[in-house]
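The values are calculated or read from the model by the stated rules, or taken from the named source; none is laboratory data. Treat the numbers as computed from the prediction; the structure is a model and nothing was measured. When we count neighbours, we look across all protein chains shown, and the Cβ atoms used for this are built from the backbone with ideal geometry, even at glycine.
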Amino acid sequence: MAKLPVIDLHQDISYYYVSGASGLGFPLADFSKDIPGRHGDLPKFRKASVRIVFSSIFCLLTTLSPPVSKQLAKGYGTKAYQRSYSTRAAGSTFLEHMKVYYALEEQNPDSITILRKSADVREVMAGGGTGFLVSLEGAYSLEDTYDLKLLYRLGLRSLQLVWNFDSKYCASCMSKKDYGLTGDGEEL
């Protein structure tokens, strides 16, 4: 019996490379190798019949910020949350993440396709490797609503307006006050 194709809705593949696998508990290694404990790689995707991966871009920088750590600890219900994040340099960080996805596609041309058009989706769903649907986890790198058109041309195909922090576009799950979308958020 043939396996049904799987669509994985979230993998932090580029973050794994940009962060140098920092804090993940498994080593930095070639994506074509099956690394025990690594959340996903090409051998795991093949074995599970994963055809499409929403390949997330988490463009926040790791930093030390006691107020942010407190906010995250409260939101996640943990006693201490040492790691915190900053939205500073989100635009430049986005570009580094995109470079990772393009490099992986170039290194694995028979296995990875960055999904840019519907024909790419049909091809990978028919068994032609794994498609990376590039997804932005929080619109922090968009300084202007028009930036979305630029990011689309670079290969972005999915957008979450926020992660755990408010953006100029909307409130987040950890907002002090849920104000919904801003005017820019409605435009976006």
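Any chance segment 87-94 includes a residue that's modelled with pLDDT of 95 or more, farther than 28 Å from K177 by Cβ and β-branched (V, I, T)? For segment 87-94, residues modelled with pLDDT of 95 or more, farther than 28 Å from K177 by Cβ and β-branched (V, I, T): absent.
For every residue, the table says whether it meets (1) part of a loop (DSSP other than H, G, I, E, B); (2) surrounded by 13 or more Cβ atoms within 10 Å (Cβ to Cβ); (3) not small (G, A, S).
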| position | (1), (2), (3) |
| --- | --- |
| G20 | yes, no, no |
| F31 | yes, yes, yes |
| S69 | no, yes, no |
| Y85 | no, yes, yes |
| L95 | no, yes, yes |
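If you go through segment 150-181 and pick out every residue that is in a loop (DSSP other than H, G, I, E, B), touching an Asp or Glu at 6+ places or on another chain (Cβ under 7 Å) and not charged (D, E, K, R), you end up with 5. Would you point out the residue of segment 47-60, among those that are touching a residue at least 12 places away in the same chain (Cβ under 8 Å) and surrounded by fewer than 16 Cβ atoms within 10 Å (Cβ to Cβ), that is nearest to T113 (Cα to Cα)? In this case the residue turns out to be S49.
Give the residue that is farthest from the chain's Cα centre (by Cα), with candidates limited to residues of segment 139-149 that are closer than 16 Å to L60 by Cβ and assigned to a loop (DSSP other than H, G, I, E, B).
So, considering only residues that are closer than 16 Å to L60 by Cβ and assigned to a loop (DSSP other than H, G, I, E, B), the one farthest from the chain's Cα centre (by Cα) is E143.
For segment 111-147, filtered to residues that are free of Cβ contacts under 8 Å to residues at least 60 places away in the same chain and of a type in the set (D, E), the residue that is nearest to G91 (Cα to Cα) is E143. Would you check if there is a residue in segment 127-138 being in contact with a helix residue (DSSP H, G or I) (Cβ under 7 Å, 6 or more places away or on another chain), part of a helix (DSSP H, G or I) and not small (G, A, S)? No, segment 127-138 contains no residue that is in contact with a helix residue (DSSP H, G or I) (Cβ under 7 Å, 6 or more places away or on another chain), part of a helix (DSSP H, G or I) and not small (G, A, S). Take the residues in segment 64-97 that are β-branched (V, I, T) and out of contact with any strand residue (DSSP E or B) (no Cβ under 7 Å at 6 or more places or on another chain); name whichever of them is nearest to I114 (Cα to Cα). Filtering segment 64-97 for residues that are β-branched (V, I, T) and out of contact with any strand residue (DSSP E or B) (no Cβ under 7 Å at 6 or more places or on another chain), the one nearest to I114 (Cα to Cα) comes out as T87. Taken across segment 148-160, residues that are buried (at least 20 other Cβ atoms within 10 Å of the Cβ), touching a residue at least 40 places away in the same chain (Cβ under 8 Å) and in contact with a Gly (Cβ under 9 Å, 6 or more places away or on another chain) do not occur at all.
Every condition in (1) among the hydrophobic types (A, V, I, L, M, F, W, C); (2) touching a helix residue (DSSP H, G or I) at 6+ places or on another chain (Cβ under 9 Å); (3) crowded, with 20+ Cβ neighbours inside 10 Å is met by V124 except one, and the failing one is (2). Quick one: count up the residues across segment 72-102 that are in contact with a Phe, Trp or Tyr (Cβ under 8 Å, 6 or more places away or on another chain) and over 19 Å from L28 (Cβ atoms). Total satisfying the criteria: 5.
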